[in-house]
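**Student:** First the structure, which I've put down as structure tokens, then a few questions once you've had a look.
We did not get these values from a lab; they are worked out from the coordinates using the rules stated. In this text, all values refer to a predicted model and were calculated from it rather than measured experimentally. Ideal geometry is used to build each Cβ from the backbone, glycine not excepted, and the neighbour counts take in all protein chains shown.
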Amino acid sequence: MPLTSRSPSFITRASRFTRILAPAVLTLALASCDSTSADRPEPSAPQARELVDLRSRILTYTADFAPDGDYTPPGADEREQLADGVGALLDGDAAEAERRLSPLGLSVTRLTDTDSGRRYDEIAATEPDGDAAHWGRLYLNVDSALRWNVQVPHPVSDRDTEELGVRLLEDTPSGSLVLAGAHRRAGRSGTADVAHREDSAFHTVVEELQKRGVPGLQLHGFSRTRERPYEAIVSGGAAGSAPGEATALADRLESDGLRVCRGWSARCPLEGTANVQGRTAERRHALFLHVELAADARGDGPDADDTADALADTLATWDRE
């Protein structure tokens, strides 16, 4: 069931390189719930509130990610409690979310972005150096219905995917951003590679969205080689086929002059068949797109702008459904 709220205001994009000091946080921005649902509590807002530059807050957080950084995944009990807290906030009960999340070292704050005036609810680590500070962030818009989520499992490691994720969140109504909290090589034995591990906060949050039927678009980056002469690789992840949105996205990218490999009709590298979020999406019959982008399609320049516009059109399609 979609979440409802008032229409969003028009947004202008802030400088993508602005940096201001902000604590490391696990952030959740959330749309209001349908107050007419008999089985749900009346929507409630977090008590704590802050006025922030949203883009700077996110990019300051990811700027410190490094391969030798700290990372300890949450235990099974912590993941269960996190799922309960995120689920409560998704269902509009901020007080219950705070009760569930507080023992994990997390708190809930309502943010207002100084650039757009758009509001977000935030689940933040109370200690910037604690384990929870490395679990990641999720942003959901308060001022529009929740219709989609963009997932960034390898920020900094897949360079500029975090900036592209923020750009899509800011420029497209009705959505959310799930952001990993560490470099993919942080911690030990690949524990921070959240695209391939189910024992992460990132996966836990994505599953809560999938349970509610929210479509997901996951962003990755790759280096072009002779074996990978593409600007984009689009697939349905673990699914052997892809929804119509995938075909429309590939068509749009190709019409802008980008070379695209389509995972459902060709043998492509990096199709994401081992991606665990894609596997759970397939089991739950939730829409999932896995998109790999070359450097010139996710940084600055005309190819990156064309890619961002094409991805935004995909999200807008989900918004209309």
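**Student:** Which net charge results when you count Lys and Arg as +1 and Asp and Glu as -1 among the other residues whose beta-carbon is under 12 Å from that of GLY272?
**Tutor:** -2
**Student:** Sticking with this structure for a sec: Could you calculate, for region 215-321, the ratio of the Cα radius of gyration to the Kirkwood radius, expressed as Rg to Rh?
**Tutor:** 0.94
**Student:** Let me ask another. Put +1 on the Cβ of every Lys and Arg and -1 on every Asp and Glu Cβ in the chain; which of PRO215, TRP148, GLY236 then has its Cα farthest towards the positive end of the dipole?
**Tutor:** GLY236
**Student:** When the dipole is taken about the Cα centre of the chain, and only Lys, Arg (+1) and Asp, Glu (-1) are charged at their Cβ, what size is it in debye, to the nearest 20?
**Tutor:** 380
**Student:** While we're looking at this one, here's another question. For the chain, give the share of DSSP beta bridges that are antiparallel, in percent and rounded to the nearest 5; count only bridges with both residues there.
**Tutor:** If we restrict to bridges inside the chain, about 45 percent are antiparallel.
**Student:** What is the spin-label model distance, in nm, from ASP77 to ARG212 if the labels are put 7 Å beyond Cα along the C-beta direction?
**Tutor:** In this crude spin-label approximation the distance works out to 2.7 nm.
**Student:** Tabulate in residue order the Karplus-calculated ³J(HN,Hα) for region 66-76, using 6.51 cos²θ - 1.76 cosθ + 1.60 with θ = phi - 60°, rounded to whole Hz; enter x for Gly and Pro.
**Tutor:** 8, x, 9, x, 6, 6, 10, x, x, x, 4
**Student:** Top mean-square fluctuation among HIS196, HIS154, HIS134, Gaussian network model of the chain, C-alpha springs under 10 Å?
**Tutor:** HIS196
**Student:** What ³J(HN,Hα) values, in whole Hz, does the Karplus curve 6.51 cos²θ - 1.76 cosθ + 1.60 give for region 128-135 when θ = phi - 60°, with x put for Gly and Pro?
**Tutor:** x, 10, x, 4, 5, 5, 9, 8
**Student:** Can you work out the FRET efficiency for the pair ARG224 and GLU198, with r the C-beta to C-beta distance and R0 = 22 Å, to the nearest 0.05?
**Tutor:** 0.10
**Student:** Which of TRP135, TRP318, TRP148, TRP264 comes first, and how do the rest follow, when ranked by fewest Cβ neighbours within 10 Å?
**Tutor:** Least to most surrounded, the residues fall as TRP264, TRP318, TRP148, TRP135.
**Student:** With only alpha-carbon pairs counted, each pair once and no self-pairs, how large is the Kirkwood hydrodynamic radius of region 97-192 in angstroms?
**Tutor:** That comes to 14.4 Å for region 97-192.
**Student:** Follow-up. R0 = 25 Å: FRET efficiency of ALA312 with THR112, Cβ-based, nearest 0.05?
**Tutor:** The value I calculate is 0.65.
**Student:** For region 245-251, in order, what is each residue's ³J(HN,Hα) by Karplus, 6.51 cos²θ - 1.76 cosθ + 1.60 with θ = phi - 60°, in whole Hz (x at glycine and Pro)?
**Tutor:** Per residue, the Karplus-derived 3J(HN,Hα) values read 4, 5, 4, 5, 5, 4, 4 Hz.
**Student:** Another one. Taking the alpha-carbon set of the chain, what are its Rg and Dmax in Å?
**Tutor:** Radius of gyration, then largest Cα-Cα span, for the chain: 18.1, 57 Å.
**Student:** Something else: Under a point-charge model restricted to the Cβ atoms of Lys and Arg (+1) and Asp and Glu (-1), what is the dipole moment magnitude of region 215-321 relative to its Cα centre, in debye to the nearest 20?
**Tutor:** Dipole of region 215-321, to the nearest 20 debye: 640 debye.
**Student:** What FRET efficiency would be calculated for the residue pair ALA63, ASP129, taking the C-beta separation as r and a Förster radius of 22 Å, to the nearest 0.05?
**Tutor:** E between ALA63 and ASP129, to the nearest 0.05, is 0.90.
**Student:** If you average the alpha carbon positions of region 59-74 and of region 190-229, how far apart do those two centres end up, in angstrom?
**Tutor:** Using only Cα atoms, the two centres lie 16 Å from each other.
**Student:** Give me the one-decimal nm value for the distance between modelled label points at ARG267 and ASP251, 7 Å along each residue's Cα-to-Cβ direction.
**Tutor:** 2.8
**Student:** Tell me the trypsin sites (Lys or Arg not before Pro) within region 138-190 that lie in a loop according to DSSP and have at most 15 other beta-carbon atoms within 10 Å.
**Tutor:** Answer in residue order: ARG159, ARG188.
**Student:** Under 5 Å between amide H atoms, partner at least 5 residues away or on a different chain: which partners does ARG110 have, H built in plane at 1.01 Å?
**Tutor:** ALA48, ARG49, GLU50, GLU122
**Student:** Which whole-number percent is the relative contact order of the chain (Cα, under 8 Å, 6+ apart)?
**Tutor:** That works out to 19 percent.
**Student:** A further question on this structure: For labels at ASP305 and GLU282 in the simple 7 Å Cα→Cβ model, what's the distance in nm?
**Tutor:** Placing both labels 7 Å along Cα→Cβ, they lie 3.8 nm apart.
**Student:** Now a separate question. Which percentage, to the nearest 5, of the DSSP beta bridges contained in region 90-223 is antiparallel?
**Tutor:** 60
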